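Chemist: Following this message is one structure expressed as structure tokens.
The values are calculated or read from the model by the stated rules, or taken from the named source; none is laboratory data. What you see is a predicted model, and the numbers here were worked out from it, not measured in a lab. Every residue, glycine among them, receives a Cβ derived from its backbone with ideal geometry; neighbour counts consider all protein chains shown. We work out accessible area using only protein heavy atoms, side chains counted, and drop any ligands, DNA or RNA first. Shrake-Rupley method; radii C 1.70, N 1.55, O 1.52, S 1.80 Å.
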Amino acid sequence: MTKYRSRLLIALITLIIVVLLGLGIVLGQLYKNDYFNNFNDRLTNEINIVSYFIEDKGGISSLKVQEIDEIGEVLKTRVTIVDDHGVILFDTESDKTRMSKHVEIIEEVLSGKGQKEREGKYSYGSQVQYFWKTIERNGQIEGYLFLSTKVNEMRDVYNHLWWVLSVSLGLALLVIILLGSKITSRYTKPIESATNVAIELAKGNYRARTYEDHIDETGMLSASINVLARNLQELMKSQEMQQDRLSTLIENMGSGLILIDKRGYINLINKTYKETFQVDPGEYLYRLYHEVIEHKEISSLVEEIFMTEKKIKKQVVLPLSIERRYFEVYGVPIISSHNVWKGVLLVFHEITELKKLEQVRKDFVANVSHELKTPITSIKGFSETLLDGAMEDKQTLEAFINIILKESDRLQMLVEDLLELSRIEQHGFNLNIENLDLNKHISEAVTMVEARASEKKITLELKADRSSTMIPGDGNRLKQVFINLLTNAIAYTPSGGAVSVEIINQPGNAIVHVRDTGIGMDSSEIPRIFERFYRVDKARSRNSGGTGLGLAIVKHIMEAHKGAIEVQSEVGKGTMFTLKFKKEMDKF
């Protein structure tokens, strides 16, 4: 903005200088012309007076040299009188060295004049001016009078004039610079401030403001700039707030999102999409969708939206890493209010857990139906047999009634386990936490299954320190855990095998190992053994009277105690369950 002020000041000064120079030239020329006219008029009058004096005196012959010298001294001019043939009779110039040129000029004047000319003037360059006139006596030309003077005086006056004009111009220029600087500063300062604020606004600094110290047009400009800045600042704040809200919503929404522009280039992917599909934004953004999206189902869906310009909802199964995951994909065309095509928006709702829960529900219904069907079918079959006449045989009647009782007990056990599992899985399930001796509760559980182990001739061993192992927990629930594990170990261990329980007391933790020398299981089956109704050996499990819910109950009770359960198994060699308990009460 300093350049603008300088340009304005320079333009103003230049204009004034040109005007002053033009005025000086015009005034100088006018003064010069006026001086020349006065100079010519003066010499004309002087030569007329001198010629009249000579003629009145009686002519050239009556003149004296002293009189001519006095006239030249008074008039401050060179007076020369020649006869009618051009011979110099009188001359007031004392320097005879310049006489030859003077004579030549006189001869040139006389030879060039007309016969009827009685007076005239002649300029010798720009230095000497000659005026001449005839001297007559009795109507006849007696001679000629010449007055010559140098024009140095006029040049001095002219130079003095220009000196005065130069000094005046310089003083005027100084005054103009001072006044012009103040004037331009006064009127350009608001413009400079407004320009600087406009530049800051263009850079995005909407806090910039300008001064409002005038009530004229510049003040109105400053006020308008400030109003504009405030409006832009408020608009930007509102836009930033909306942008932050939108960004937060997009980045933290639970579904993956991808935005594709009208040319097919990906412009936006949110955090959930990046985490779900494990993609690098640098490889995804601003590239064509069909070049970076690996799944053909998604590319086909986007292509269909581009072609039909309609909403599409579709469930797809996509292989991600080592698992298959289910997604419900919503595809929406983005069309502006002016029916201008903007692009496509895809939203990925992951429904893998819902699918798993749905499958679990289906499996649960199928398993429950199957588990209930077997004892009910047995009870119904033996009852019908008895009604058909078998009840007449006392031995057969007693055997059938025992079978019906056994199946009824099994049915009751299944219902009780289902109810127990349902109670444990409820959010409101509470434990009666107290400090208990783990050794004591495990010893009681071992005692409760000793009879069953003896029936199969299985060695049952408890390994524990003599000192008590204290942990916080619900004694009844933990005893249920140990009984279920020991019952399973005995059920899946052939006769003559061994089952052992080892308690390890560690700082901060208590470890319990339940080992058996049973049939074991394949590593692929280990992740599923805690599912409801899952059996490694279905025939053996059912014959043992199990419901298939024991390990599911064990898992939920351990999770409620903030504990952990691990399984190690090898086919034909046996299985080991490892339970880890925390000793600190504040962990619950």
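Chemist: Kindly write out, for the range 169-186 in residue order, the coupling ³J(HN,Hα) from the Karplus curve 6.51 cos²θ - 1.76 cosθ + 1.60 (θ = phi - 60°), rounded to whole Hz, with x marking Gly and Pro.
Modeler: Per-residue couplings from phi come out as 5, x, 5, 4, 5, 5, 4, 5, 4, 5, 5, x, 5, 5, 5, 5, 5, 5 Hz.
Chemist: Just the accessible area for Y206, please: 1.4 Å probe, Å², rounded to the nearest 10?
Modeler: 50
Chemist: In degrees between 0 and 90, to the nearest 10, how far off the longest principal axis of the chain does helix 394-425 point, with axes built from Cα atoms?
Modeler: For helix 394-425, the angle is close to 20 degrees.
Chemist: Given a 1.4 Å probe, how much area per residue of the chain is accessible, in Å²?
Modeler: That works out to 60 Å² for each residue.
Chemist: Sticking with this structure for a sec: Which of I519, I106, I565 sits farthest toward the positive end of the charge dipole of the chain, with +1 on the Cβ of Lys and Arg and -1 on the Cβ of Asp and Glu?
Modeler: The listed residue farthest towards the positive side: I519.
Chemist: Say the cut-off is 25 Å between C-alpha atoms; which of K394/K456; K113/K150; K355/K562; K32/K76; K274/K342; K237/K311 go over it? Write out the running numbers ahead of the final one.
Modeler: Details: K394/K456 30 Å; K113/K150 22 Å; K355/K562 28 Å; K32/K76 21 Å; K274/K342 23 Å; K237/K311 34 Å.
Listed pairs above 25 Å: K394/K456; K355/K562; K237/K311.
Chemist: So the label point goes 7 Å from the Cα of A11 along Cα→C-beta, right? Which residues of the range 157-201 then have their backbone N under 19 Å from it?
Modeler: Counting backbone N atoms under 19 Å from the label point, the list is 176-196.
Chemist: Which distance in nm do the two modelled labels at E353 and H290 give, with both placed 7 Å along the Cα-to-Cβ direction?
Modeler: My value for the distance between the label points is 3.6 nm.
Chemist: Calculate the spin-label point distance for K463 paired with L30, positioning each point 7 Å from the Cα along the beta-carbon direction, and give it in nanometres.
Modeler: My value for the distance between the label points is 13.2 nm.
Chemist: About its Cα centre, how strong a charge dipole does the chain have in debye, to the nearest 20, once Lys and Arg get +1 and Asp and Glu get -1 at the Cβ?
Modeler: On the way: 74 positive and 80 negative charges, 301 e Å.
For this selection, approximately 1440 debye.
Chemist: Still on this structure, I have one more. I'd like the projected area of the chain, averaged over all directions, using the convex hull of its alpha carbons. Report it in nm² with one decimal. Numbers along the way, then the final one.
Modeler: Numbers: hull surface 263.3 nm².
Here the figure is 65.8 nm², rounded to one decimal.
Chemist: Accessible area, 1.4 Å probe, largest first: how do W341, W162, W132 sort?
Modeler: Numbers: W341 45, W162 75, W132 10 Å².
Descending order: W162, W341, W132.
Chemist: Do any trypsin sites (Lys or Arg not before Pro) in the range 22-91 lie in a loop, going by DSSP, with at most 11 other beta-carbon atoms within 10 Å of their beta carbon, and if so which?
Modeler: Answer by residue number: K64, K76.
Chemist: Once you charge only the Cβ atoms, +1 for Lys and Arg and -1 for Asp and Glu, what is the size of the charge dipole of the range 452-497 about its Cα centre, to the nearest 20 debye?
Modeler: 80
Chemist: Let me ask something additional. Go ahead and estimate [θ] at 222 nm for the chain from helices alone: -39,500 (n - 2.57) per DSSP H run with n ≥ 4, summed, over the residue count, rounded to 500.
Modeler: Details: 15 runs with 317 residues, N = 588.
Theoretical 222 nm ellipticity from helices: -18500 deg cm²/dmol.
Chemist: Quick one: if the Förster radius is 22 Å, what FRET efficiency do S300 and K274 give, using the C-beta to C-beta distance and rounding to 0.05?
Modeler: Working from the Cβ atoms, E equals 0.50.
Chemist: Now a separate question. Set the Förster radius R0 to 41 Å, insert the Cβ-Cβ distance between D69 and W162 as r into 1/(1 + (r/R0)^6), and round the FRET efficiency to 0.05.
Modeler: Efficiency at R0 = 41 Å is approximately 0.70.
Chemist: Mean separation of Cα pairs under 8 Å and 6+ residues apart, divided by the residue count of the range 472-529: what relative contact order is that in percent?
Modeler: 30
Chemist: On a full-extension model of 0.36 nm per residue, what is the gain between Q243 and I335, subtracting their alpha-carbon distance, rounded to one decimal in nm?
Modeler: 31.1 nm
Chemist: For the range 329-394, I need the span (max minus min coordinate) of the C-alpha atoms along each principal axis, in Å, sorted largest to smallest.
Modeler: Sorted from largest, the Cα extents of the range 329-394 read 91, 20, 10 Å.
Chemist: Kindly sort T578, T248 by accessible area of their heavy atoms, largest first, with the probe set to 1.4 Å.
Modeler: Numbers: T578 15, T248 80 Å².
Highest to lowest solvent-accessible surface, that is T248, T578.
Chemist: Still on this structure, please answer the following. Excluding ligands and nucleic acids, what accessible area in Å² is computed for D437 using a 1.4 Å probe, to the nearest 10?
Modeler: Result for D437: roughly 40 Å² accessible.
Chemist: OK, next. If I stretch the segment between E192 and R263 completely, what's the gain in nm (0.36 nm per residue apart, minus their alpha carbon distance), one decimal?
Modeler: Working: separation 71, 0.36 × 71 = 25.56 nm, distance 4.47 nm.
So the chain would gain 21.1 nm between E192 and R263.
Chemist: What GluC sites (Glu not before Pro) in the range 219-317 are in a loop by DSSP, with at most 16 other Cβ atoms within 10 Å of the Cβ? Please list the in-between numbers first.
Modeler: Details: sites: E234, E240, E251, E275, E283, E291, E294, E297, E303, E304, E309; in loops: E294, E309.
Answer in residue order: E294, E309.
Chemist: DSSP loop trypsin sites (Lys or Arg not before Pro) in the range 237-328 with at most 12 other Cβ atoms within 10 Å of their Cβ, which ones?
Modeler: Counting only loop positions with at most 12 other Cβ atoms within 10 Å, the trypsin sites (Lys or Arg not before Pro) in the range 237-328 are R263, K310, K311.
Chemist: Give, in nm to one decimal, the length gained when the segment between D84 and V227 is fully stretched (0.36 nm per residue of separation minus the Cα-Cα distance).
Modeler: This chain segment gains 41.8 nm when fully extended.
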